[in-house]
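S.K.: Sharing a structure, written as structure tokens. Questions coming.
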Amino acid sequence: MPFHIAIDGPVAAGKGTISRLVAERLGFLYVDTGAMYRMTAFLAIKNKVKLNDEEGLAKLAASAKMEMRTPTEDEKDGRLSTILLDGEDVSWKIRTEKVSLGASSVAKLAKVRQLLVKKQQEIAEGQDVIMEGRDITYRVLPHADLKIFLTGSDVVRAKRRLTQLLTKGEDVSFNQVLSDLATRDEQDMTRETDPLTIVPDAVVIDTSDLSIQQVVDLIVNKANILLENK
Ligand code: DC
């Protein structure tokens, strides 16, 4: 039986960075499910499909070839995963603020979610994974061996996001990032279909005052204890 770690949490809680490091320590596959919502939004913007056109977006997502892999040596430019959309490397193109807000909008649509959840479950079938998103602990992998809810204060998360965006050369202010983060969190937590929630069996980790390494150690230790008894 494969071992599954499910991580949910709000924007910029550190899910990606931490999951990548845990995946390396344990030899698991890291799956960034947000990238799939981002690819759908990216396609919508490119093809001028409205972000609330449920049928149109579901069709786009269904026919798209979405692939993810651990970055190869020559792809190591700070990315956590290499994301391929119909064969094109979109790892950075899907990280702009425009695509982020778009992803949060398309993620409200039940048909889009159904489709992407299925793709995610197929990836996890038969292999050890650490998968992160908003609905992993209760929808995508409800029987995960270890469930984590990662969070952090709004200001700490906005600072992290600002640093990421500035590093990539986006021209944004702290206030803009804080406001976008609040908009996305609000949409992600109040949508009708599968909003971000804390399940009772999740371990809640507030990352505001912890180093990345401390959080990684915490999760790896918990996983190792469970793996020994599996
Ligand atoms: O984790 P992220 O910021 O890359 O996710 C982008 C958006 O996709 C986020 O605002 C909410 C949505 N999302 C979701 O609804 N369910 C997931 N499992 C992952 C992401």
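The values are calculated or read from the model by the stated rules, or taken from the named source; none is laboratory data. Bear in mind that the values here come from a model prediction, so they are computed numbers and not experimental data. Glycine gets a Cβ as well: all are built from the backbone with ideal geometry, and neighbour counts include every protein chain shown. Surface accessibility is based on the protein's heavy atoms, side chains included, excluding ligands, DNA and RNA. Shrake-Rupley method; radii C 1.70, N 1.55, O 1.52, S 1.80 Å.
S.K.: Between beta-carbons, use under 9 Å as the cut-off and find the net charge around Asp135, counting Lys and Arg +1, Asp and Glu -1.
M.R.: Net charge around Asp135: +1.
S.K.: Before rounding to the nearest 500, sum -39500 (n - 2.57) across all DSSP H runs of length at least 4 in the chain and divide by the residue total; then give [θ] at 222 nm in deg cm²/dmol.
M.R.: -15000 deg cm²/dmol
S.K.: Next up: Between segment 39-97 and segment 169-230, what is the separation of their alpha carbon centroids in Å?
M.R.: Computed from Cα coordinates, the inter-centre distance equals 22 Å.
S.K.: Here's another thing I want to ask about it. What is the sum of charges, Lys and Arg at +1 and Asp and Glu at -1, for the other residues whose Cβ falls under 14 Å from the Cβ of Asp89?
M.R.: +1
S.K.: Then there is this: Tell me the per residue accessible area of the chain using a 1.4 Å probe; a whole number in Å² is fine.
M.R.: That works out to 48 Å² per residue.
S.K.: Mind jotting down a quarter of the surface of the convex hull over the alpha carbons of segment 58-160, in square nanometres, one decimal?
M.R.: 8.1
S.K.: Over all alpha-carbon pairs of segment 100-149, lay out the pair-distance distribution in 5 Å bins, whole %, shortest bin first.
M.R.: Distribution as computed: 4, 19, 30, 23, 16, 7, 1 percent.
S.K.: Accessible area of segment 38-138 with a 1.4 Å probe: how many percent of it is carbon plus sulfur?
M.R.: Carbon and sulfur atoms account for 51 percent of the accessible area of segment 38-138.
S.K.: Still on this structure: What does the charge count around Gly56 come to, taking other residues whose C-beta lies under 11 Å from its C-beta (Lys +1, Arg +1, Asp -1, Glu -1)?
M.R.: Charge balance in the 11 Å sphere: +1.
S.K.: Please report, in debye to the nearest 20, how large the charge dipole of the chain is about its Cα centre when each Lys and Arg carries +1 at its beta carbon and each Asp and Glu carries -1 there.
M.R.: I would put it at about 420 debye.
S.K.: Still on this structure, please answer the following. Is there a quick way to get the dipole size of segment 149-230? I mean about its Cα centre, with the Cβ of Lys and Arg at +1 and of Asp and Glu at -1; what is the value in debye to the nearest 20?
M.R.: Around 260 debye, computed over segment 149-230.
S.K.: If you wrap a convex hull around the Cα atoms of segment 1-109, how much volume per residue is inside, in Å³?
M.R.: For segment 1-109, the hull spanned by Cα atoms encloses 124 Å³ per residue.
S.K.: Could you give the spread of the C-alpha atoms of segment 122-216 along their three principal axes, from largest to smallest, in whole angstroms?
M.R.: 42, 35, 25
S.K.: Given the convex hull of the Cα atoms of the chain, what is a quarter of its surface area in nm²?
M.R.: The directionally averaged projection comes out at 12.1 nm².
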